[in-house]
Amino acid sequence: MNVLPPGVSAEQVDDAVALSGYPLQTVLERTLRGPFTVTPEWSYVDRESGATRNMDLLAVKPLFDWAAPQQLISPLLALLIECKRATLPYIFFETARPLRLNIEIAGVYPRSTIQISADDDLSHWNESFATSLELSEEEFLSSGPAYASTFARINRAGNHLDLSGSDIFNNAVMPLIKASDYLIDINMPRPSHRYYHPQLVVRVCVVDAPMLIFRQASEHAEITDWVRVLRHEIPVAPGHFNDAEVRPIDFVHSDYLATYLSKFLMPFAERFAERAAAHQVELATGKGHVTHSRTLRELSGLHAELRPRPRSSSIRHSLPVAVPLWLLGEARSRLRGLVRRSER
């Protein structure tokens, strides 16, 4: 019979569902659908176990005009959303903002840096997308929320309250990190691609529960609407500076989500689309060029000076004047000889 078993009432079922986060997921899906293409229970592969898991919502919004002529790149915004609901608070402990916070982009390679050369320097500089496109000082990255690396959820244990960080870490932070890794992997462009769809990837945990933060200069918690949690990971390329070591997850209270989207995220996404449109080749190839290496050392005016890397550049202008030209000619001859031998 299609009835509830003894000992389980409809009210208990309603209470369990209300605390689960599923109603919040449904509300967010209705709210985002329209401007965004929303996929509930979006599936991804766990990078550690290989198991298939589900993210509450994937919401994608085009940042280009469908009616405009086809461009080399057509940027999008991809929101990965996990929903959490509780009666007891989530607590965050403030930490210093990282010196440079990067953004991650699916649909281009590499996913977080542009390799930049200069006319007056032999070196190649790997600069983050945020730095290369001069997005680091945008309000969304520079002066938005407080930052935290330590967090906990309050649980009731008998007559007292207990703190546990494992629930947030295992059920919010790591699922969002792994889901974003999978999104980036499946959108990796192939050599045959002629057009690219770079997706600005933003990880958000929407919380319907009290959110508290302990500020660095205070011993008392205060209510907060938005905290950026920092996940520190082993670099993709050990031994090289890589901003992707620090990967942000935004914890946003459900009542503040509309403000978060309209005042902070969407203006930032639109600026990203504007800068991406100005540097289509650099994003598509992962390579750029500037005239003076001073621009890279000072990180001033990089967006304005950045341009596609020339197919061929004069090596004489890059090397010190003291290098004899005959030595360059001999090096070219030896290189040709190696190429001929390898072709045989």
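Could you pull out every one of the strands (runs of 3 or more DSSP E) wholly within the range 111-224 that has 3 or more residues that are out of contact with any Lys or Arg (no Cβ under 6 Å at 6 or more places or on another chain) and within 23 Å of Ser262 (Cα to Cα)? First the steps, then the outcome.
Working: elements: 113-118, 121-128, 146-157, 160-164, 199-208, 211-214, 221-223.
The qualifying strands (runs of 3 or more DSSP E) are 199-208.
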**Prompt:** For the range 91-110, which residues satisfy the criterion of being within 19 Å of Cys205 (Cα to Cα), among the β-branched types (Val, Ile, Thr) and in a loop (DSSP other than H, G, I, E, B)?
**Reply:** Ile103
**Asked** Looking only at the range 198-233, which residues are more than 23 Å from Asp56 (Cα to Cα) and not polar (S, T, N, Q)?
**Response** Leu212, Ile213, Phe214, Arg215, Ala217, Glu219, His220, Ala221, Glu222, Ile223, His232, Glu233
**Asked** Scanning the range 66-95 for residues that are of a type in the set (D, E, K, R) and under 23 Å from the mean Cα position of the chain (by Cα), which turns out surrounded by the fewest Cβ atoms within 10 Å (Cβ to Cβ)?
**Response** Glu94
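Listed residues Ser128, Ser132, Ser143, Ser112; which is modelled with pLDDT under 90 and out of contact with any strand residue (DSSP E or B) (no Cβ under 7 Å at 6 or more places or on another chain)?
Working: Ser128 fails: out of contact with any strand residue (DSSP E or B) (no Cβ under 7 Å at 6 or more places or on another chain); Ser132 fails: out of contact with any strand residue (DSSP E or B) (no Cβ under 7 Å at 6 or more places or on another chain); Ser112 fails: out of contact with any strand residue (DSSP E or B) (no Cβ under 7 Å at 6 or more places or on another chain).
The match here is Ser143.
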**Message:** When the residues of the range 150-174 are narrowed to those that are touching an Asp or Glu at 6+ places or on another chain (Cβ under 6 Å) and under 26 Å from Arg97 (Cβ atoms), which ends up modelled with the highest pLDDT?
**Reply:** Ala172
**Every residue from the range 50-76 that is closer than 25 Å to Pro23 by Cβ and of a type in the set (A, V, I, L, M, F, W, C)** = Met55, Leu57, Leu58, Ala59, Val60
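When you look at Ala209, is it out of contact with any Asp or Glu (no Cβ under 7 Å at 6 or more places or on another chain) and touching a residue at least 24 places away in the same chain (Cβ under 8 Å), yes or no?
Details: out of contact with any Asp or Glu (no Cβ under 7 Å at 6 or more places or on another chain): yes; touching a residue at least 24 places away in the same chain (Cβ under 8 Å): yes.
The answer is yes for Ala209.
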**Asked** Does any residue in the range 167-184 that is in contact (Cβ under 8 Å) with a residue 60 or more places away in the chain and of a type outside the set (A, V, I, L, M) come within less than 6 Å, Cβ to Cβ, of a residue that is surrounded by fewer than 22 Cβ atoms within 10 Å (Cβ to Cβ) and not in a helix (DSSP H, G or I) six or more places away or on a different chain, and which pairs are these?
**Response** Lys178/Asp46; Lys178/Arg47; Asp181/Arg47; Tyr182/Tyr44; Tyr182/Val45
**Prompt:** Quick check: is even one residue across the range 281-293 touching a residue at least 12 places away in the same chain (Cβ under 8 Å), under 17 Å from the mean Cα position of the chain (by Cα) and outside any helix (DSSP H, G or I)?
**Reply:** yes
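Going by what's in this entry, would Ala276 be described as modelled with pLDDT under 90, closer than 30 Å to Cys205 by Cα and assigned to a helix (DSSP H, G or I)? Steps first, please.
Working: modelled with pLDDT under 90: no; closer than 30 Å to Cys205 by Cα: yes; assigned to a helix (DSSP H, G or I): yes.
For Ala276, the condition - modelled with pLDDT under 90, closer than 30 Å to Cys205 by Cα and assigned to a helix (DSSP H, G or I) - is not met.
Can you tell me which residue within the range 63-105, out of those that are of a type in the set (D, E, K, R) and in contact with a helix residue (DSSP H, G or I) (Cβ under 8 Å, 6 or more places away or on another chain), is nearest to Ala276 (Cα to Cα)? Write out each step before concluding.
Initial filter on the range 63-105 (of a type in the set (D, E, K, R)): 65, 82, 84-85, 94, 97, 100, 104.
Those still in the list that are in contact with a helix residue (DSSP H, G or I) (Cβ under 8 Å, 6 or more places away or on another chain) too: 82, 84-85, 100, 104.
Numbers: Glu82: 27, Lys84: 33, Arg85: 36, Arg100: 19, Glu104: 13 Å.
Top of the filtered list is Glu104.
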**Asked** If you check Leu88 against the conditions, is it among the aliphatic types (A, V, I, L, M), farther than 18 Å from Val204 by Cα and either modelled with pLDDT under 90 or touching a strand residue (DSSP E or B) at 6+ places or on another chain (Cβ under 6 Å) (or both)?
**Response** yes
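Considering only residues of the range 225-254 that are part of a loop (DSSP other than H, G, I, E, B) and of a type outside the set (A, V, I, L, M), which is modelled with the highest pLDDT? So that I can check it myself, show each step before the final result.
Of all residues in the range 225-254, those part of a loop (DSSP other than H, G, I, E, B) come to 225, 233-242.
Now restrict to residues that are of a type outside the set (A, V, I, L, M): 225, 233, 235, 238-242.
Working: Asp225: 97, Glu233: 82, Pro235: 64, Pro238: 49, Gly239: 49, His240: 51, Phe241: 52, Asn242: 48.
Top of the filtered list is Asp225.
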**Complete:** Glu41 fails exactly one of (1) surrounded by 15 or more Cβ atoms within 10 Å (Cβ to Cβ); (2) within 15 Å of Glu29 (Cα to Cα), namely (1)
**Message:** Of all residues being surrounded by 12 or more Cβ atoms within 10 Å (Cβ to Cβ), over 30 Å from Glu137 (Cβ atoms) and touching an Asp or Glu at 6+ places or on another chain (Cβ under 9 Å) in the range 294-325, which is modelled with the highest pLDDT? Just the residue, please.
**Reply:** Ser313
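The values are calculated or read from the model by the stated rules, or taken from the named source; none is laboratory data. It should be emphasised that the depicted structure is a prediction, and the values quoted were computed from it without experimental measurement. Every residue, glycine as well, gets a Cβ built from its backbone with ideal geometry; the counts of neighbours run over all protein chains shown.
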